[in-house]
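Enquirer: A single structure is presented below for examination.
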Amino acid sequence: MTKSANTMWGGRFAAGPDAIMEAINASIGFDQRLAAQDIAGSRAHAAMLAATGIITDNDAEAIREGLLTVLSEIETGKFPFSTALEDIHMNVEARLKDLIGEPAGRLHTGRSRNDQVAVDFRLWVRDQCDAADAALEALMQSLLGQAEAGADWVMPGFTHLQVAQPVTWGHHMLAYVEMFARDRSRFADARKRMNTSPLGAAALAGTSFPIDRDMTAKALGFDRPMSNSLDAVADRDFALEFMAAASITAMHLSRLAEELVIWSSAQFRFVKMSDKWSTGSSIMPQKRNPDAAELIRAKIGRIFGANVALMTVMKGLPLTYSKDMQEDKEQVFDAADHLLLALAAMAGMVADMEANVPSLEAAAATGFSTATDLADWLVRELGLPFRDAHHVTGSLVAMAEAKSCDLPELSLADMQSVHQDITQAVFDVLGVKNSVASRTSFGGTSPANVRAQTAAWKDALK
């Protein structure tokens with residue numbers, strides 16, 4: 001079954017695409033999300049066309065008013081989207097023609113759908129960078145609240161998921177503040193680099209009309225027009241950079257989600273997740289499942305997959321535009337949606353979770369967590385070379401293992417049997433609170449450092 005000639009393609013084709021071709025060719029099912037950006041770009045373009053004398057002021061005013069009507073219809077759910085019109089650009093233009101008649105046909109002067117979609121998509125991704133930045137700041141504030149409350153709370157620090165040295169709860173929270181701050185800087189950096197306008201590059205070679213690309217760039221909040229028309233329509237680096245920043249952020253979210261899953265288990269009992277972010281079991285009434293954290297951990301795979309998918313779409317394309325690039329949006333839309341959802345959920349979970357301070361401190365004192373403090377004491381007080389101190393400490397750890405006790409539970413006689421010069425003063429460094437208090441080097445875990453860093457971050461986020 002065929003259709004009449006497609007007016008968008010003009011007289012070149014005697015018959016339009018059949019139903020299968022229409023289905024594979026249409027993008028309106030997803031690119032309607034670009035409606036606000038598409039109309040903003042068209043309004044800027046129309047104003048420029050009038051300012052440069054390419055169209056009349058009357059036509060520009062009719063276009064402006066018509067586009068505002070179209071936007072209102074879309075925002076109120078009254079707009080009749082059509083797959084036969086393929087994409088958001090042709091849907092808007094067709095409706096504009098219904099509303100204002102002949103002037104609608106002048107809107108496309110001096111531009112192409114190639115630069116039109118490039119500017120729409122760039123504007124949308126720029127908005128997502130801003131949304132991600134705001135969501136990251138909210139998460140950082142939640143983490144800072146936990147850091148401030150727990151500057152003195154002692155917990156185990158891990159390597160290889162084995163107890164390594166005592167740290168403070170606040171220090172652990174601040175580690176994620178640092179990670180998410182780097183994520184914010186990546187989105188900001190990507191936003192700065194993408195803030196150039198492709199509008200006016202037309203199909204690929206520019207246009208013979210005397211357009212003012214600086215005017216449209218300024219109207220849309222861009223720093224400047226893109227310098228090469230081929231690159232302007234072919235570039236999707238801005239989306240790839242957003243996806244790269246989103247993927248790294250997602251990885252950080254997944255690491256934190258994994259810790260919350262582990263910490264909330266009965267074996268750890270480090271935290272209690274609020275009822276808002278937990279669910280029960282259908283047959284086990286004692287269960288409190290950290291479902292929100294688990295779902296965040298799983299959704300991260302969608303973001304990683306979307307990043308790879310977009311890279312794969314773009315990797316083999318010659319300049320400039322190919323229809324493959326229609327497949328650039330769904331992955332980005334999906335990834336952005338799930339990233340912002342995961343950030344919001346994590347901010348809520350972190351703000352609401354309750355640390356089990358006694359469990360944290362008890363766990364911090366296990367696994368010979370102050371062994372390094374003992375070795376440092378031997379170096380500092382007895383003048384042993386660190387390697388010798390390491391050997392002495394290892395012997396004392398082996399002794400404690402054999403006695404089924406921890407280092408502070410060894411007697412002074414036990415310690416002196418390994419090295420005769422050890423004194424009672426060694427026990428001052430074997431307590432976990434003394435251990436963390438001693439870590440005063442810049443970036444260390446001492447409560448004083450945590451308070452200073454928390455205060456600095458709170459000032460920075462103001």
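Quick grid of which residues meet (1) in contact with a helix residue (DSSP H, G or I) (Cβ under 8 Å, 6 or more places away or on another chain); (2) part of a loop (DSSP other than H, G, I, E, B); (3) farther than 14 Å from LEU339 by Cα; (4) touching a residue at least 60 places away in the same chain (Cβ under 8 Å):
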site	(1), (2), (3), (4)
ALA239	yes, no, yes, yes
PHE242	yes, no, no, yes
ALA250	yes, no, no, yes
PHE268	yes, yes, yes, yes
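Enquirer: Considering only segment 352-372, state which residues are at pLDDT below 95, part of a helix (DSSP H, G or I) and not charged (D, E, K, R).
Expert: Selection gives ALA362, ALA363, ALA364, ALA371, THR372.
Enquirer: Output the residues belonging to segment 412-458 that are of a type in the set (S, T, N, Q) and assigned to a helix (DSSP H, G or I). Write out each step before concluding.
Expert: First, the residues of segment 412-458 that are of a type in the set (S, T, N, Q): 416-417, 420, 423-424, 434-435, 438, 440-441, 445-446, 449, 453-454.
Within segment 412-458, GLN416, SER417, GLN424, ASN434, SER435, SER438, ASN449, GLN453, THR454 meet the criteria.
Enquirer: Could you please tell me which pairs satisfy a Cβ distance under 9 Å, a separation of 6+ or placement on different chains, a first residue in segment 336-347 that is in the same structural domain as SER254 (by the TED database), and a second residue that is of a type in the set (Phe, Trp, Tyr) and crowded, with 17+ Cβ neighbours inside 10 Å?
Expert: Close Cβ pairs (under 9 Å, with a partner that is of a type in the set (Phe, Trp, Tyr) and crowded, with 17+ Cβ neighbours inside 10 Å) amount to ALA336/TRP124; ALA336/PHE242; LEU343/PHE180; ALA345/TRP277.
Enquirer: Where residues in segment 17-31 are at pLDDT below 80 and open to solvent by less than 30 Å² (accessible area, probe 1.4 Å), which of them is farthest from VAL119 (Cα to Cα)? If you could, list the steps in order and put the result at the bottom.
Expert: Restricting attention to segment 17-31, the residues satisfying the condition of being at pLDDT below 80 are 17-23, 25-26.
From what is left, the residues that are open to solvent by less than 30 Å² (accessible area, probe 1.4 Å) are 17, 25-26.
Values: PRO17: 27, ASN25: 20, ALA26: 19 Å.
Step by step, filter segment 17-31, then rank; the result is PRO17.
Enquirer: Follow-up. Got at least one residue in segment 301-308 being open to solvent by less than 20 Å² (accessible area, probe 1.4 Å) and touching a Phe, Trp or Tyr at 6+ places or on another chain (Cβ under 8 Å)? Before you say what the answer is, go through the steps one by one.
Expert: Start the filter on segment 301-308 by keeping residues that are open to solvent by less than 20 Å² (accessible area, probe 1.4 Å), which leaves 303, 306.
Next cut, touching a Phe, Trp or Tyr at 6+ places or on another chain (Cβ under 8 Å) only: none.
No, segment 301-308 has no match at all.
Enquirer: Find the residue count for segment 327-372, including only residues that are more than 30 Å from GLN165 (Cα to Cα), open to solvent by 20 Å² or more (accessible area, probe 1.4 Å) and not aliphatic (A, V, I, L, M).
Expert: Adding up the residues that qualify gives 6.
Enquirer: Another question about this same structure. Among the residues of segment 159-178, what is the count of those that are open to solvent by less than 30 Å² (accessible area, probe 1.4 Å) and part of a helix (DSSP H, G or I)?
Expert: Matching residues across segment 159-178 total 6.
Enquirer: Would you confirm whether or not segment 191-213 contains a residue that is open to solvent by 40 Å² or more (accessible area, probe 1.4 Å) and under 30 Å from THR454 (Cα atoms)?
Expert: Checking segment 191-213: at least one residue is open to solvent by 40 Å² or more (accessible area, probe 1.4 Å) and under 30 Å from THR454 (Cα atoms).
Enquirer: Give all pairs with beta carbons closer than 9 Å in which a residue from segment 353-371 that is more than 16 Å from GLN267 (Cα to Cα) meets a residue that is among the basic types (Lys, Arg); count only pairs at least 6 apart in sequence or on separate chains.
Expert: MET353/LYS272; GLU354/LYS272
Condition check ((1) more than 26 Å from ASP334 (Cβ to Cβ); (2) open to solvent by 40 Å² or more (accessible area, probe 1.4 Å); (3) not assigned by the TED database to the domain that holds PRO198) across all residues:
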| position | (1), (2), (3) |
| --- | --- |
| ARG33 | no, yes, yes |
| ARG43 | yes, yes, yes |
| GLU61 | yes, yes, yes |
| LEU85 | no, yes, yes |
| MET90 | no, no, yes |
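Enquirer: Can I ask one more? Within segment 415-441, work out how many residues are surrounded by fewer than 16 Cβ atoms within 10 Å (Cβ to Cβ) and of a type in the set (A, V, I, L, M, F, W, C).
Expert: 1
Enquirer: Let me ask something else. Pick from LEU240, LEU220, LEU260: which is more than 30 Å from GLY110 (Cβ to Cβ), of a type outside the set (D, E, K, R) and modelled with pLDDT of 95 or more? First the steps, then the outcome.
Expert: On the way: LEU240 fails: more than 30 Å from GLY110 (Cβ to Cβ); LEU220 fails: more than 30 Å from GLY110 (Cβ to Cβ).
LEU260 is the lone residue from the list that is more than 30 Å from GLY110 (Cβ to Cβ), of a type outside the set (D, E, K, R) and modelled with pLDDT of 95 or more.
Enquirer: Being surrounded by fewer than 21 Cβ atoms within 10 Å (Cβ to Cβ), in contact (Cβ under 8 Å) with a residue 60 or more places away in the chain and assigned to a helix (DSSP H, G or I) narrows it down to one of LEU230, LEU256, so name that one. Break it down into steps so the answer makes sense when it comes.
Expert: Values: LEU256 fails: surrounded by fewer than 21 Cβ atoms within 10 Å (Cβ to Cβ).
One residue alone meets the criteria, LEU230.
Enquirer: Filter segment 66-98 for residues that are touching a residue at least 12 places away in the same chain (Cβ under 8 Å) and among the β-branched types (Val, Ile, Thr) and give the result.
Expert: Correct list: THR69, VAL70, ILE74, THR83, ILE88, VAL92.
Enquirer: Applying the selection to segment 373-394, what residues are assigned to a helix (DSSP H, G or I) and either buried (at least 18 other Cβ atoms within 10 Å of the Cβ) or among the aliphatic types (A, V, I, L, M) (or both)?
Expert: As a first pass, look at segment 373-394 and keep what is assigned to a helix (DSSP H, G or I): 373-382, 386-394.
Correct list: ASP373, LEU374, ALA375, TRP377, LEU378, VAL379, LEU382, ALA389, VAL392, THR393.
The values are calculated or read from the model by the stated rules, or taken from the named source; none is laboratory data. Everything numeric here is computed off the predicted structure, so don't read it as measured data. Don't worry about glycine lacking a Cβ; one is built from the backbone with ideal geometry, like all the others, and counts go over all protein chains shown. What goes into the accessible areas is simple: the full protein's heavy atoms, side chains included, and nothing from ligands, DNA or RNA. Shrake-Rupley method; radii C 1.70, N 1.55, O 1.52, S 1.80 Å.
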